[in-house]
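One structure below.
Values in this text are rule-based calculations from the coordinates and carry no lab data. From a predicted model like this one, the values you see are computed outputs, not experimental measurements. Neighbour counts run over all protein chains shown; Cβ positions are idealised from the backbone, glycine included.
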Amino acid sequence: MPEPSSARPVRSDARRNREKLVAVARAAFAAADGTDSTVALEAIAREAGVGIGTLYRHFPAREDLVEAVYAAELDDVTASAPALLAQFPPEVALRAWMDRYGMFVATKRGMADAFRASLASGRITTAVTRRRITAAIGAILDAGARAGTLRADADPEDVTTMLLGVFLATSAGHSPERIGRLLDLVAAALRPDPGRGAESNPGAGGLQVP
């Protein structure tokens, strides 16, 4: 009987190393001060328990690591919408999802330098990101409309724009508490007005704050 090939364990180890590097980099970029140059690749490799050579085998350039982190974050933030809906009522899931989206924005800010380079090269496209974020919001809004706890006339694209406004306006010098208050206001605007159902305002486009 032939000896089992050693290729499979090597591939498994390589996959685990890559996952550890991405996980450590995500935390490092989320904690960065807005410029990814403050995040040392040597420190990421050390924290992940691998050598710098292993990091470069997986990610030959800093932009490669940034793109992997960005993809993982985007996958997680969009997948969190159905996961939160499975745990909480839609209006609660929406507010929790806003906090998760805020973490995504913080991570993106922490790798801003390399992120801009990837945008310029076309390797990351904001249109795809916005479409996926808006779809996640739409899923929660649809569930809330069916439950009667979120406005049926809320346009997911409008909500995306509102959230972007909050995070752009608080890009520097604002406390987490203030960001939380602003997100609370957005969430409140999406609750139905008992005095005015969606059917009393046919053809309403976008959000209208009660």
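With an a/c value of 1.5 or above and a/b not larger than b/c for the gyration tensor axes a ≥ b ≥ c computed over the alpha-carbon atoms, segment 90-152 is described as oblate. Extension gain for Ala72-Glu19 works out to 18.1 nm (0.36 nm per residue, less the C-alpha to C-alpha distance).
The fewest-to-most ranking of Ser12, Ser118 by surrounding Cβ atoms within 10 Å reads Ser12, Ser118. Sorted ascending by nearby beta carbons within 10 Å, beginning with the fewest, Met98, Met162, Met111 become Met162, Met98, Met111.
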